[in-house]
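Below you'll find the structure, written out as structure tokens, and then a few comments.
The values are calculated or read from the model by the stated rules, or taken from the named source; none is laboratory data. Predicted, not measured: the structure shown is a model, and the values here were computed from it. When we count neighbours, we look across all protein chains shown, and the Cβ atoms used for this are built from the backbone with ideal geometry, even at glycine.
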Amino acid sequence: MPNSQEPKYGGMDRRTFLKTLAAAGVAATGAGAAFMLPGTNLMVMPNSKGYLVVDMGKCMGCDTCMMTCSLVHHGEASLSLSRIQIQQDSFQTWPNDIHMAVCHQCEDAPCVNACPVEADHVDVLFGNIRTVDPDRCIGCTQCIDACPWLPKRLQWNPETKTVQKCDLCANTPYLREQGGPGGTQSCVKVCPVGAIAYVEKMPDQNDPTAYNVNLRDKAWKSLGMTDEPLKREG
Amino acid sequence: MAEEATHFGYMGKILHIRLDRLDYEVIPTEKYKQWGGGHGMGSALFWDYCEDKTIQDGRDPKNVCIVAASPFSGTPTPSAGGRCEVVGVGVGLQPIGWFTRSNFGGRFSSMMKYAGWDAVMVSGKAPYPVWVDVRNDAVKIHKAKPLWGKSTKEAQEMIIGFVGKEGNNWGWDRMPSDRGVEYTTKKPAVLCIGPAGENQMAQAALIHESSNGAGQGGFGAVWGSKNLKAISFIGTQAVKIADPAALVEARFATKELYAADPEKPDAAFWGPMNSPAKPVMSIALPTDKARVSACHGCINGCRGIYNLGYGNQNHCNVTSFYAHHAQRWAKGDRIEASKITLQAGSICNELGLNTYPLKHGLPWLWYLHKKGILGKGKQIHTDIDFSKMGSVEFAKAFLHALAYGEDIGKELAYYGFVPTAIKWGREEDWKSGRLKFTYWGMPEHGYDPRAELEWGYESLVADRDMNSHCINWIFWHVNVATLRGIRPRIDAGTLAKLVTDKMKPWVSSDNALNYATENMYSDDVMDLARWHLFYTRYWKNSGLLCDFRWADLFNSKHPELQGATASEEAGEHIFWNAITGENLSFNDGIRRGQRIYHLDNAIWTLQGRRRDMLKFADYIYDRPFDKGHFPFYMWPVKNEKGEWIYRDVMHRSHNRKKMEEWKTRFYTKEKLDPKTGWPTEETLKAYDLGFAEAELRAHKKLGGVS
Amino acid sequence: MKQGEAGHSNLFLFDHYWWILFLTIFLALLYSAYTYRKDPHCVGDKVLRHDLAARISHWFNAGGMLILIFSGFGLGFLMFPRHVSGTDGAQLMFNLHFIGAALFLFGAVYWVGNTILAPKRFDEHMPYLGSIKDAVIHYARMAGITKKNERPPGKYDASERLAFVPLTLLALFMGVTGIIKVSAHVWHLPKGLVTFATWTHDWSTIVLVILLVFHVILAAVVPWAWPLLKSMITGYVPVEFVKHHHPGWYKELLSQGVCELPENREQKKNAKGEEDAK
């Protein structure tokens, strides 16, 4: 049995109002969806103003960079929260016993492209670093999947349930100096042997070995270890 | 779950593996924080959990072995993050297997912390070989049948392959945890024994990775006697820090003010912190295709990784025990000799053998061989071809014999060199110093007690070769400069002041560093030894600062030649307090070290220690010191005019009577019973060890009680 | 995977098909505009308590919420850990969350549309002055603590009407903040808005789950609620149940003439029988 009393509203009864609103909404949604199809939103990312490069032939494997990274960002010492990862196998032969994994601050960063909610974005206020805003991150981890490098250069933070990555120390509440491009990078500063360097020129994006450079010099050679360059991917 | 918010520096939990029951219990760390960590924590745990402290052989199933980290572990405290202490009743020390200690580097202690644990303790004996698999809070005890018999390298690789199975396309491994899903790119850190430990050889070590070894004390035999092959830790957690910004600042300051600059290495550096990062090899580096390799958190690494397929992480004695023989074999080809030495070291590591006894043991065996006493069909028969000593072939055969208890290895490795020498009728070699096993049935370190006084004194009043180089760096710097014919960088007087200033108020004047013969038995020198004994017991063995970089008593990088030790920018206490939130002074730490020493002494007392046991081998008293690293042993002394100079302190011996007087004064100063060296009521009260009284009384081992 | 190869992208419904959720909202409104409800009335010895529209919105809400809660906890938030690993695991939960969101939005917005058209239905859900006292008396009486009487309960008793407020508000918060979070996939939103929406979404979940547990217990688990659960499936509840548990509503139904007293019904039945016989 139908309800017999349906109130009227400003010349149009509610039922008709709802029908009109709903129909308009359906139409608008359809149009919006068509307009906002993937591929219609092209953005050119400005290049990062700074990059970390490493020398896998030089690293001591002390993990000080990793502990310091997590300290300056999170206030605690954790390898799993470090945005630079050093992997080592003491049974392997030099130079394949160590792999250093830094974020490349890619020119056309797949992780930025992969983020559906602009959490992983280019921060134009901090030298165009590719960084993850934890307030926007929904934890879908598509950015981690998208990273072309192994091990993936983004980390899952189980405490905040968001993703994080190297921001060249832009957001480091426990670093007393200014971080970010133009400022201090903790891993570079703390490395006892100088196996990590900060450069402003973007390494060749088409060369998988471009981020491994020769940071060993005559002084290193004088200590008895080779200063010849190595080609290492990653 | 640990109450994380209240634990700065600590993880809040200690893992107790009860091997006889094949289960484990979790012990809260809170009660043990007063001991710092490492050795102190280990001694306190041993006191609480070893029911029979009278045992004298570490192979006894009642033995309890503790492997302990500290608040520094897993943090970027310079040259501390990766060190780890092992304590328990040892195997092979003479006349009693003392409650003793060893220490090793790498990343085991840090990974143990990241898994959520401050220490692991093993008690009892498993009914069959087992290994322990710890992944964060998940602890499993597995049968070790596939691992038993394997070398330390094979066993570790098998464990790493087993634990690392939950990978994904990220290149990160997933680990179980309270926080749902967590990931790591790291491999597990494993501590294990090799065949030497499985066969319970006194010379058996605990090995971690390629060449981090807890060699002294025969802990490999302890684990072997417990049917324990390995313990593996992998973790994804964090060490909470009270003042993270201060910790980072202190680390930066250490690099800036005290540590060697890799771009400007100073070949004539003085001070351990200023030592350039490079592999420390006894001969030449065998190849330049190498990197310097460091333990977790180190400020200047000291080992090497090579492209040779062997020798990785070998360091110090592991590269020197065979060096002399290899050089002889290689007829002066230093590179070849170096390669042989590295291979020999790696063989030891894989077999799980301590190289230390071979330092002076091998020259003695060579002597016996040259004299026609040792060999095939000789008075001491062996099928091992000693004419090939110095070759890789000999190293393989001999070391295999030691690990498996074959041939002469059966006695040498199981009982030790001194008991074997006596059994072979060669006691005179030991007494005369031909077999340089100077104290507790163990070899001296290359720093003869007749010259380097503190080394001898500290080894005597403790349980083993003390192996703490803080003051010994003076020997190296001065004598290398002398050898090169160059003037020492720091003059003797300045050096004496720099060093002794750091020791106040424990030492009253710079005379403490005056090793002149007339000053050998002075209270000043005793006070230096006491300071060093307690500094080492706390800051190094308990805090776990690395012996190779700490204490930094003087430093040529600093404009005033000051060392990092006790400094306001980068001192030991600065790091400690930044991490733990405590307010410990540098000297508070030394007082804690004193307390820990006295707890150790209480354990030794229960084990049967008596004053008359504290003695050097006879040659230390009967013969002058005339053969060491160099033809001289230069040391700071005050001459007849009271001026500071460097003088050769060789060619003298200790005096038995004066040593006895020294012991009496030492005991008196430490409030111990001078007749026995046992703790008295006063001792226990002075060092807050009242909990030990009941047990000492029950065993009639309380000093001063007639 | 080789170094230098970007990972593949998964099907992420929130990202690729966000417009379905907006479409769902407008379709639900449209459907409500074409829905002609049945008011409660007696049929034999049963009363129509929940017409089809009510049941549709309830079960879409319920099903949607269950999936949302399951997938939300699977993903982890605030102090609750994530239970799935890798992007595959996260994507599965997100996609389930999307499906749950679509179901929930449909049910909730359909209810909103229907309520706009019949405000009195809203009134009978809302608490009245004295609801708290009546609810306390109701349960105290059940527990045997008191012999006082509450006001005769209407279609929804006092505690149900009280629960309506937070449940509806929370559902509103969840829906609105959820739409804001979905919108972040499409438009640039101010950071403050996103942070606020996430915070509200997370904490509302906790309160909502607690209240839902109570709702499920009191509306489905306890034996005296089984007739009500049945009515949410069939639509009907026994007259005797209504007379006993919702006497105020029974009185209303009688006064509206949509129900008759049993004796009157009996009389009519007999009269009809006689007529038929004639």
Exercise. What number of residues in segment B:305-315 are crowded, with 24+ Cβ neighbours inside 10 Å and within 8 Å of another protein chain (Cβ to nearest Cβ)?
Worked result: 4
Seminar exercise, completed: All-but-one check, B:Ala694 against (1) among the small types (Gly, Ala, Ser); (2) surrounded by fewer than 22 Cβ atoms within 10 Å (Cβ to Cβ); (3) in contact with a helix residue (DSSP H, G or I) (Cβ under 7 Å, 6 or more places away or on another chain), failing number (3)
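For segment B:172-189, state whether one or more residues are under 29 Å from B:Asp60 (Cα atoms) and away from chain C (no Cβ under 14 Å).
The answer is yes, given that some residue of segment B:172-189 is under 29 Å from B:Asp60 (Cα atoms) and away from chain C (no Cβ under 14 Å).
Is segment B:205-221 home to any residue that is in contact with a Pro (Cβ under 7 Å, 6 or more places away or on another chain) and in the same structural domain as B:Gly9 (by TED's automatic domain parsing)? Don't jump to the end; show me each part of the working.
Initial filter on segment B:205-221 (in contact with a Pro (Cβ under 7 Å, 6 or more places away or on another chain)): none.
No: zero hits.
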Seminar exercise, completed: Residues of segment C:31-48 being buried (at least 21 other Cβ atoms within 10 Å of the Cβ) and in a helix (DSSP H, G or I), in sequence order, are C:Ser32, C:Ala33
Problem set entry | Failed criterion for B:Gly161 (all others in (1) part of a helix (DSSP H, G or I); (2) touching a helix residue (DSSP H, G or I) at 6+ places or on another chain (Cβ under 6 Å) hold) | (2)
Problem set entry | Extreme residue, modelled with the lowest pLDDT, among residues of segment B:117-138 that are surrounded by fewer than 20 Cβ atoms within 10 Å (Cβ to Cβ) and more than 24 Å from B:Phe8 (Cβ to Cβ) | B:Ala138
Seminar exercise, completed: Residue count, segment B:326-353, condition buried (at least 24 other Cβ atoms within 10 Å of the Cβ), assigned to a helix (DSSP H, G or I) and away from every other protein chain (no Cβ under 14 Å), comes to 7
For this session: Could you please tell me which pairs satisfy a Cβ distance under 7 Å, a separation of 6+ or placement on different chains, a first residue in segment B:22-43 that is touching a residue at least 40 places away in the same chain (Cβ under 8 Å) and in the same structural domain as B:Gly74 (by TED's automatic domain parsing), and a second residue that is acidic (Asp, Glu) and in a strand (DSSP E or B)?
Result: B:Gly38/B:Glu85; B:His39/B:Glu85; B:Gly42/B:Glu85
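Per-residue answers, yes or no, for (1) touching a residue at least 12 places away in the same chain (Cβ under 8 Å); (2) more than 14 Å from chain B (Cβ to nearest Cβ); (3) buried (at least 24 other Cβ atoms within 10 Å of the Cβ):
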| position | (1), (2), (3) |
| --- | --- |
| A:Gly50 | yes, yes, no |
| A:Gly57 | yes, no, yes |
| A:Leu79 | yes, no, yes |
| A:Gln87 | yes, no, no |
| A:Thr93 | no, no, no |
| A:Asp97 | yes, no, no |
| A:His121 | yes, yes, no |
| A:Phe126 | yes, yes, no |
| A:Asp145 | yes, no, yes |
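Output the number of residues of segment B:72-94 satisfying the condition of being of a type outside the set (S, T, N, Q) and away from chain A (no Cβ under 14 Å). Quick ask: steps written out before the conclusion?
Of segment B:72-94, the ones of a type outside the set (S, T, N, Q) are B:72, B:74, B:76, B:78, B:80-93.
Those left that are additionally away from chain A (no Cβ under 14 Å): B:84-93.
Going through segment B:72-94 one residue at a time, the tally reaches 10.
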For this session: Pull up segment C:136-153, narrow it to residues that are of a type in the set (A, V, I, L, M, F, W, C) and part of a helix (DSSP H, G or I), then point me to the one that is farthest from C:Arg37 (Cα to Cα).
Result: C:Ala140
Seminar exercise, completed: Residue set A:Val190, A:Val163; condition within 14 Å of chain B (Cβ to nearest Cβ), among the aliphatic types (A, V, I, L, M) and more than 18 Å from the chain's Cα centre (by Cα); output residue A:Val190
Exercise. Hey, does segment B:235-258 have a residue that's aromatic (Phe, Trp, Tyr) and part of a helix (DSSP H, G or I)?
Worked result: yes
Problem set entry | Residue list for segment C:252-278, filter: in a helix (DSSP H, G or I), surrounded by 15 or more Cβ atoms within 10 Å (Cβ to Cβ) and either small (Gly, Ala, Ser) or touching a residue at least 40 places away in the same chain (Cβ under 8 Å) (or both) | C:Glu252, C:Leu253
Problem set entry | Members of segment B:442-475 that are at pLDDT below 95 and small (Gly, Ala, Ser) | B:Gly446
For this session: Tell me, yes or no, whether segment C:30-49 has at least one residue that is among the β-branched types (Val, Ile, Thr) and at the interface with chain A (Cβ under 10 Å from one of its Cβ atoms).
Result: yes
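Starting from residues that are of a type in the set (D, E, K, R) and part of a loop (DSSP other than H, G, I, E, B), keep the ones in segment C:154-172 and report whichever is nearest to C:Glu252 (Cα to Cα).
First pass over segment C:154-172, keeping only residues of a type in the set (D, E, K, R): C:155, C:157, C:160-161.
Filter once more, so that each one left must be part of a loop (DSSP other than H, G, I, E, B): C:155, C:157.
Details: C:Lys155: 9, C:Asp157: 14 Å.
Residue satisfying both the conditions and the ranking: C:Lys155.
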Exercise. What tally of residues in segment B:255-303 results from selecting those that are buried (at least 20 other Cβ atoms within 10 Å of the Cβ), touching a residue at least 24 places away in the same chain (Cβ under 8 Å) and of a type in the set (D, E, K, R)?
Worked result: 3
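For (1) assigned by TED's automatic domain parsing to the domain that holds A:Met202; (2) of a type in the set (Gly, Ala, Ser); (3) more than 11 Å from the chain's Cα centre (by Cα); (4) more than 26 Å from A:Gly182 (Cα to Cα), each residue gets a yes or a no:
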site: A:Gln105; (1), (2), (3), (4): yes, no, no, no
site: A:Cys111; (1), (2), (3), (4): yes, no, no, no
site: A:Cys115; (1), (2), (3), (4): yes, no, no, yes
site: A:Ala119; (1), (2), (3), (4): yes, yes, no, no
site: A:Ile129; (1), (2), (3), (4): yes, no, no, no
site: A:Asp135; (1), (2), (3), (4): yes, no, yes, no
site: A:Ile144; (1), (2), (3), (4): yes, no, no, yes
site: A:Lys152; (1), (2), (3), (4): yes, no, no, no
site: A:Gln155; (1), (2), (3), (4): yes, no, no, no
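For segment C:49-135, list the helices (runs of 4 or more DSSP H) that sit wholly inside it and hold at least 2 residues that are in contact with a Lys or Arg (Cβ under 7 Å, 6 or more places away or on another chain) and touching a residue at least 24 places away in the same chain (Cβ under 8 Å); which are they? Break it down into steps so the answer makes sense when it comes.
Working: elements: C:52-75, C:86-117, C:119-125.
Counting at least 2 such residues, we get C:86-117, C:119-125.
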Seminar exercise, completed: Note: among B:Lys658, B:Lys663, just one is in contact with a Leu (Cβ under 7 Å, 6 or more places away or on another chain) and under 22 Å from B:Asn514 (Cβ atoms), namely B:Lys663
For this session: Among the residues of segment B:572-587, write down those that are crowded, with 23+ Cβ neighbours inside 10 Å and touching a Phe, Trp or Tyr at 6+ places or on another chain (Cβ under 6 Å).
Result: B:Glu572, B:Thr580
Exercise. Of all the residues that make up segment A:217-231, how many are surrounded by 21 or more Cβ atoms within 10 Å (Cβ to Cβ) and over 9 Å from B:Pro262 (Cβ atoms)?
Worked result: 1
Problem set entry | Looking only at segment B:659-706, and only at residues there that are under 29 Å from the mean Cα position of the chain (by Cα) and basic (Lys, Arg), the one that is nearest to B:Gly456 (Cα to Cα) | B:Lys663
